[in-house]
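Undergrad: This is the structure I have questions about; it appears just below.
Only the coordinates and a few stated rules stand behind these numbers; no lab work does. Since the model is a prediction, treat every value here as computed from it, not as a measurement. Here Cβ is always computed from backbone atoms with ideal geometry, including for glycine, and neighbour counts include all displayed protein chains.
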Amino acid sequence: MKILQINSSARSTGAASTRIADSLAARLAGRYPGATLDVLDLAREPVAALDDVAVAARMAAPDARTPEQAARAAQDDALIRQFLAADVIVIGAPMYNFNISAHLKNWIDAIVRPGVTFRYTEVGPVGLVSGKTVHIALTRGGVYRGTSADIPVQYLTQVFAFIGITDVRFVYAEGMSRGPDMVDKAFRDADAQIAQLVA
Ligand SMILES: Cc1cc2nc3c(=O)[nH]c(=O)nc-3n(C[C@H](O)[C@H](O)[C@H](O)COP(=O)(O)O)c2cc1C
């Protein structure tokens, strides 16, 4: 089994979401002997935001791209190949201003590609990715689980379903801005959720 771990905190060291994603990936690797782990840390290897070149590259046929568009498409192609090669994806996802980080959004914008991970049909868009599970370690300063303010959960559920992945599981570490006792409790709670998830 191939595991892809994506760290999406802005912090390349000391991130709570990375710590929990590490635990999740290690537990999954232990559960499936022979599993391989590929780690993409978006703070160290950021994906560029969409721009004129990236959008034009998405819309142009491969042989009609300018050299600049072809270079940008190649970067996104590599991310898509890495994503499609994985059986299980583990994502560390902090909440920033009520949403996911720009780092994670840029990665999603790269891998959600028409004709590759979804396609348009006469009855609407259809996801082209199947057979994958996504585990997401959520960290946030406040407490939002089960409320309408939990935008990262709504968004990530929606966008993965859009490309065909409906098996999306969440581990919550909440209240990280409420003092050291709450932080300790959040990590303990996350460990318990991981143990249950990867039994
Ligand atoms: C720029 C920024 C924005 C944040 N916005 C929110 C927010 O909207 N809601 C919240 O509960 N916590 C917010 N937080 C707190 C983080 O979600 C929390 O510290 C989390 O544990 C960070 O995860 P990390 O250590 O993996 O980066 C914010 C933190 C930063 C740095």
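Undergrad: If we keep just the residues of the stretch 112-130 that are of a type in the set (A, V, I, L, M) and without any contact (Cβ under 8 Å) to a residue 40 or more places away in the chain, which is farthest from the ligand (Cβ to nearest atom)? If you could, list the steps in order and put the result at the bottom.
TA: Restricting attention to the stretch 112-130, the residues satisfying the condition of being of a type in the set (A, V, I, L, M) are 112, 116, 123, 126, 128-129.
Next, only the ones that are without any contact (Cβ under 8 Å) to a residue 40 or more places away in the chain stay: 116, 123, 126, 128.
Numbers: Val116: 29, Val123: 37, Val126: 33, Leu128: 30 Å.
Here the answer is Val123.
Undergrad: Here is a list of conditions, (1) more than 25 Å from Met1 (Cα to Cα); (2) surrounded by fewer than 17 Cβ atoms within 10 Å (Cβ to Cβ); (3) not hydrophobic (A, V, I, L, M, F, W, C), and Thr166 meets all of them except one; can you say which number that is?
TA: Result: Thr166 passes all but (1).
Undergrad: Give the stretch 1-19 a look and list any residue that's of a type in the set (Val, Ile, Thr) and more than 8 Å from the ligand (Cβ to nearest atom), or say none.
TA: Ile3, Ile6, Thr13
Undergrad: Being surrounded by fewer than 16 Cβ atoms within 10 Å (Cβ to Cβ), free of Cβ contacts under 8 Å to residues at least 40 places away in the same chain and not β-branched (Val, Ile, Thr) is the filter here; which residues of the stretch 1-29 pass it?
TA: Arg11, Ser12, Gly14
Undergrad: If you check Leu156 against the conditions, is it more than 11 Å from the ligand (Cβ to nearest atom) and either in contact (Cβ under 8 Å) with a residue 12 or more places away in the chain or closer than 22 Å to Ile111 by Cβ (or both)?
TA: Judged against the criteria, Leu156 is a match.
Undergrad: What are the pairs with Cβ atoms under 6 angstrom where one residue, in the stretch 171-183, is within 26 Å of Thr133 (Cα to Cα) and the other, located anywhere, is within 11 Å of the ligand (Cβ to nearest atom) and of a type in the set (Val, Ile, Thr)? Sequence gap at least six, or different chains.
TA: So the pair list comes out as Ala173/Ile20; Ala173/Thr139; Glu174/Val143.
Undergrad: Sort out which residues of the stretch 90-99 are more than 18 Å from Arg44 (Cβ to Cβ) and of a type in the set (A, V, I, L, M), and write them in order of number.
TA: Met95
Undergrad: Tell me, yes or no, whether the stretch 81-102 has at least one residue that is over 24 Å from Leu128 (Cα atoms), away from the ligand (no atom under 11 Å from the Cβ) and part of a helix (DSSP H, G or I).
TA: So far as the stretch 81-102 goes, no, none of its residues is over 24 Å from Leu128 (Cα atoms), away from the ligand (no atom under 11 Å from the Cβ) and part of a helix (DSSP H, G or I).
Undergrad: Exactly one condition in (1) within 11 Å of the ligand (Cβ to nearest atom); (2) over 16 Å from Phe170 (Cα atoms) is false for Leu37; which is it?
TA: (1)
Undergrad: Related question: Going by what's in this entry, would Thr139 be described as in contact with a strand residue (DSSP E or B) (Cβ under 9 Å, 6 or more places away or on another chain), within 15 Å of the ligand (Cβ to nearest atom) and among the polar types (S, T, N, Q)?
TA: Details: in contact with a strand residue (DSSP E or B) (Cβ under 9 Å, 6 or more places away or on another chain): yes; within 15 Å of the ligand (Cβ to nearest atom): yes; among the polar types (S, T, N, Q): yes.
Considered against the rule, which asks whether it is in contact with a strand residue (DSSP E or B) (Cβ under 9 Å, 6 or more places away or on another chain), within 15 Å of the ligand (Cβ to nearest atom) and among the polar types (S, T, N, Q), Thr139 comes out as yes.
Undergrad: Can you pull out the residues in the stretch 152-199 that are within 13 Å of Ala137 (Cβ to Cβ), under 19 Å from the mean Cα position of the chain (by Cα) and assigned to a helix (DSSP H, G or I)?
TA: Residues satisfying the conditions are Pro152, Val153, Leu156, Ala190, Gln193, Ile194, Leu197.
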